[in-house]
Amino acid sequence: MDSQKHRSTERVVSVPGHLESAQAKLVYLYLEATDGATVDDLGDALAMKKIDILSVLHSLSSRGLVEKRGEEYAVVP
């Protein structure tokens, strides 16, 4: 067990209650955990199609939950 990394428990992530889609929750949590990611990063990590990721990001952006910062999307603080 010594080889396992211990994660800090300082930051507890919660998903906004009005997110109903499993994909939206997954993308939101990934962006929160990684402090941002590109569409390609999301596709690779979450095994999602680019069109689905873009749709989810559009939905999250229109709700003011994520924003685009250069090539990356990140959770709005």
Quiz item: If you go through the range 35-66 one residue at a time, how many are out of contact with any Phe, Trp or Tyr (no Cβ under 7 Å at 6 or more places or on another chain) and either over 23 Å from G17 (Cβ atoms) or acidic (D, E) (or both)?
Solution: 13
Quiz prompt | Members of the range 33-45 found to be within 16 Å of E71 (Cα to Cα) and not hydroxyl-bearing (S, T, Y), listed by number | solution = D35, G36, A37, V39, D40, D41, L42, G43, D44
Quiz prompt | Subset of the range 26-41 that is surrounded by fewer than 16 Cβ atoms within 10 Å (Cβ to Cβ) and of a type in the set (V, I, T) - its residue that is modelled with the highest pLDDT | solution = T38
Quiz prompt | Contacts under 8 angstrom Cβ, first residue in the range 22-36 being under 14 Å from L57 (Cβ atoms), partner modelled with pLDDT of 95 or more and among the aromatic types (F, W, Y), 6 or more apart | solution = L31/Y73; G36/Y73
Self-check item: Residues being without any contact (Cβ under 8 Å) to a residue 12 or more places away in the chain and more than 15 Å from V76 (Cβ to Cβ) - total across the range 42-59
Solution: 7
Quiz item: Just wondering, is there one or more residues in the range 3-19 that are exposed (fewer than 11 other Cβ atoms within 10 Å of the Cβ) and at pLDDT 95 or above?
Solution: no
Exercise. Collect the residues in the range 67-77 that are closer than 20 Å to G17 by Cβ and among the hydrophobic types (A, V, I, L, M, F, W, C), keeping them in residue-number order.
Key: V75, V76
Exercise. Looking only at the range 46-77, count how many residues are among the small types (G, A, S), surrounded by 14 or more Cβ atoms within 10 Å (Cβ to Cβ) and assigned to a helix (DSSP H, G or I).
Key: 3
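The values are calculated or read from the model by the stated rules, or taken from the named source; none is laboratory data. Nothing here was measured: the structure is a model prediction, and the numbers come from that model. With ideal geometry, Cβ positions are generated from the backbone for all residues, glycine too; neighbour counts draw on all protein chains shown.
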